[in-house]
Amino acid sequence: MAVSPAVAKLMDEYKRFADIKMNDLFNKDHQRADKYTIEFENLTFDYSKNRFDDGVLQALLALAEEHHLKERIEDMFSGKKINVTENRAVLHTALRNFSGKSVCVDGNDVMPEIRRVLAKMKEFSESVRNGSFKGYTGKKLKNIVNIGIGGSDLGPYMVTAALKKYWAKDINCYFISNIDGTACAEVLGQINPEETLFIVASKTFTTIETLTNAKTCREWLVKALGDKAVANHFVALSTNAKAVAEFGIDTNNMFEFWDFVGGRYSLWSAIGLSIALAIGYDNFEALLKGAEAMDNHFRTAPFEKNIPVIMALLGIWYNDYYNIHRYAVIPYDQYLKFLPSYLQQLDMESNGKSVRLDNRKITDYATGPALFGGAGTDVQHSFFQLLHQGTEPVPVDFIIPAVSQNEIGKHHEILLANILAQAEALMKGKSIEEAAAELREKGKSEEEIEKLKLNKSFDGNRPSNMFIIDKLTPFALGMLIAMYEHKVYTQGVIWEIDSFDQWGVELGKQLALKILPELESGVSAKHDCSTEKLINKVRNIRAKEVKKAA
Ligand code: G6Q
């Protein structure tokens, strides 16, 4: 099959690079780290521990040119309808545009509306925080419960956890997302209705999980405080005013956003209300400003100095040339423990696609890799074995603040030593000879050495990126999140897919709606025999057990 000039060049580069080891590149070039580090604001991005050199980089940059990346970035920022399957503009960047410049969709400037909702969020969050907006019985609202799922949950959940150090002392945040009744029961069991504000976060206001959870919470509140209390205890974040009113939330208590904000890109919009309530509006604005700084960098920096672009290109290099279809994100910061699950949605829902923008099925290259991760050092004691000695390498993003929000004793230095050691170990490895020499030094017999030396050796040459921020501030977090958003978009441009739709989540939803009544009434023979058998099985168990428990 004919390939483009940039792809042909990359295939040649892949062959040329097959036997080159990163270790040798470092030994030959002591400037390699300087050469392949980008400093931006208080973020340092060292990408030198990757399997590439200038030749590879030039070929990757040519690939970006071939896909008109520069123009495609402008298309996004300028409100072009790049979400083609939903015919929508993609303007999460407008939500953090403090430049004073207008951004138009269909000839209309969206900025005045964005500013209006931000002002409403500021006023409301301040009035809850200072106690002037009270609960129905006059008590201060101290419990913030965000009811939402997917994009209406993961962003605020991750950010509020990441910025816990900035929370008001007397405010607690809770998140109910799962339809599993346990999610509601566990939160409602901890809180006093008189002091609780429920935020129903749903772009469409049709999502069964969110509406079911909101209904349960509403009933719980009404049972405790009566119907009239709803106005003091429920607000909605949505694009669908009609459905909000139908649910019984006054639209004055609704914070609006718009179709040009995708769910997984929505924490910067009204969906971030729980963040503003927890950390205060000024800190929320600092988060937006960090993202805006990264937006400007992405939009204006030359590609060879552009952090999201370099991340994206290296990801493509591994995904499409090395055929490594997975990668790990490991923040060494307890506050960032939910970052990998947030990024899972951002990356995998955006780029887990197999239909091209020109409506052809993709058969000859791979798109989005599987992403996993967890907080270091915890995960060193679980899946790092595979990272070091598994049969395939896994590219890793390491993230750490140089200064902890909790500098206690030597904790942070030990954490720093670990992250730096892990990246070095993955790259350097340990040869069989080195492993044997170590065993010999420990006095092992030649027989034991023979038995163990292979197991104790490490191939090395395993790639990683290192991101160091000064401290985990709202601004730094905003930068980091926007950096990943733009990496994902860049990859989507090169793979020629729509990174902003999510049709893949629909089929399961449709089938669940069909199975729901069948669980109550028994199965009509419209499923495969496995599904039918399972429906009948759980139905029979429940008939006995739920009756027993009642
Ligand atoms: C994200 C997706 C998806 C969405 C949820 C919740 O990009 O669109 O995760 O956020 O399905 O949808 P609602 O906000 O409409 O309830």
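Tabulated values for the structure
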| item | result |
| --- | --- |
| Selection within the range 438-450 - assigned to a helix (DSSP H, G or I) and surrounded by 13 or more Cβ atoms within 10 Å (Cβ to Cβ) | Glu438, Leu439, Arg440, Glu448, Ile449 |
| Matching entry among Ser99, Ser48 (being crowded, with 17+ Cβ neighbours inside 10 Å, modelled with pLDDT of 95 or more and assigned to a loop (DSSP other than H, G, I, E, B)) | Ser48 |
| Only listed residue being modelled with pLDDT of 95 or more, out of contact with any His (no Cβ under 7 Å at 6 or more places or on another chain) and open to solvent by 60 Å² or more (accessible area, probe 1.4 Å), chosen from Ile408, Ile419 | Ile408 |
| Test for Trp220: is it open to solvent by 30 Å² or more (accessible area, probe 1.4 Å), among the aromatic types (Phe, Trp, Tyr) and in contact (Cβ under 8 Å) with a residue 60 or more places away in the chain | no |
| Conditions (1) out of contact with any Leu (no Cβ under 8 Å at 6 or more places or on another chain); (2) under 20 Å from Ile149 (Cα atoms); (3) at pLDDT 95 or above: number failed by Leu237 | (1) |
| Some residue of the range 485-496 being in contact with a Ser or Thr (Cβ under 8 Å, 6 or more places away or on another chain), open to solvent by 10 Å² or more (accessible area, probe 1.4 Å) and away from the ligand (no atom under 16 Å from the Cβ) | no |
| Some residue of the range 40-55 being farther than 30 Å from Lys428 by Cβ and free of Cβ contacts under 8 Å to residues at least 60 places away in the same chain | no |
| Tabulated pairs, the range 409-433, first closer than 22 Å to Gln334 by Cα, second surrounded by 15 or more Cβ atoms within 10 Å (Cβ to Cβ) and aromatic (Phe, Trp, Tyr), C-beta under 6 angstrom, 6+ apart or interchain | Leu415/Tyr332; Ile419/Tyr332; Ile419/Phe398; Ala423/Phe398 |
| Pick from the range 439-466, criterion in contact (Cβ under 8 Å) with a residue 24 or more places away in the chain and not small (Gly, Ala, Ser), ranking: farthest from Met427 (Cα to Cα) | Lys456 |
| Some residue of the range 254-269 being assigned to a strand (DSSP E or B) and touching a residue at least 60 places away in the same chain (Cβ under 8 Å) | yes |
| Verdict on Glu194 being modelled with pLDDT of 95 or more and away from the ligand (no atom under 16 Å from the Cβ) | yes |
| Residue match in the range 138-147 (condition: within 15 Å of the ligand (Cβ to nearest atom) and in contact (Cβ under 8 Å) with a residue 60 or more places away in the chain) | yes |
| Where Ser152 falls short, out of the listed (1) under 23 Å from Asn232 (Cα atoms); (2) away from the ligand (no atom under 16 Å from the Cβ); (3) small (Gly, Ala, Ser) | (2) |
| Any hit, the range 524-538, residues being within 16 Å of the ligand (Cβ to nearest atom), at pLDDT below 95, among the basic types (Lys, Arg) and open to solvent by 10 Å² or more (accessible area, probe 1.4 Å) | no |
| Filter result for the condition that a residue is part of a loop (DSSP other than H, G, I, E, B) and open to solvent by less than 70 Å² (accessible area, probe 1.4 Å), over Val379, Val403 | Val403 |
| Number of positions in the range 204-236 that are of a type outside the set (Phe, Trp, Tyr) and closer than 27 Å to Glu506 by Cβ | 14 |
| The range 78-96, subset touching a residue at least 40 places away in the same chain (Cβ under 8 Å), on the phi < 0 side of the Ramachandran plot and small (Gly, Ala, Ser), residue surrounded by the fewest Cβ atoms within 10 Å (Cβ to Cβ) | Ala89 |
| Close pairs from the range 502-514: first over 14 Å from Gly352 (Cβ atoms), partner of a type in the set (Val, Ile, Thr) and surrounded by 10 or more Cβ atoms within 10 Å (Cβ to Cβ), Cβ under 7 Å, at least 6 apart | none |
| Residues being more than 16 Å from the ligand (Cβ to nearest atom) and either over 14 Å from the mean Cα position of the chain (by Cα) or without any contact (Cβ under 8 Å) to a residue 60 or more places away in the chain (or both) - total across the range 304-359 | 34 |
| Residue match in the range 237-253 (condition: in contact with a Gly (Cβ under 8 Å, 6 or more places away or on another chain), open to solvent by less than 10 Å² (accessible area, probe 1.4 Å) and within 16 Å of the ligand (Cβ to nearest atom)) | yes |
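For (1) modelled with pLDDT of 95 or more; (2) open to solvent by 30 Å² or more (accessible area, probe 1.4 Å); (3) farther than 30 Å from Ser404 by Cβ; (4) not aliphatic (A, V, I, L, M), each residue gets a yes or a no:
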{"site": "Ala162", "(1), (2), (3), (4)": "yes, no, no, no"}
{"site": "Gly181", "(1), (2), (3), (4)": "yes, yes, yes, yes"}
{"site": "Leu188", "(1), (2), (3), (4)": "yes, no, yes, no"}
{"site": "Phe198", "(1), (2), (3), (4)": "yes, no, yes, yes"}
{"site": "Thr206", "(1), (2), (3), (4)": "no, yes, yes, yes"}
{"site": "Asn213", "(1), (2), (3), (4)": "yes, no, yes, yes"}
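The values are calculated or read from the model by the stated rules, or taken from the named source; none is laboratory data. As the structure is a computational prediction, the values presented were derived from the model and not from experiment. As a convention, Cβ positions derive from the backbone with ideal geometry for all residues, glycine included, and neighbour counts pool all protein chains shown. What goes into the accessible areas is simple: the full protein's heavy atoms, side chains included, and nothing from ligands, DNA or RNA. Shrake-Rupley method; radii C 1.70, N 1.55, O 1.52, S 1.80 Å.
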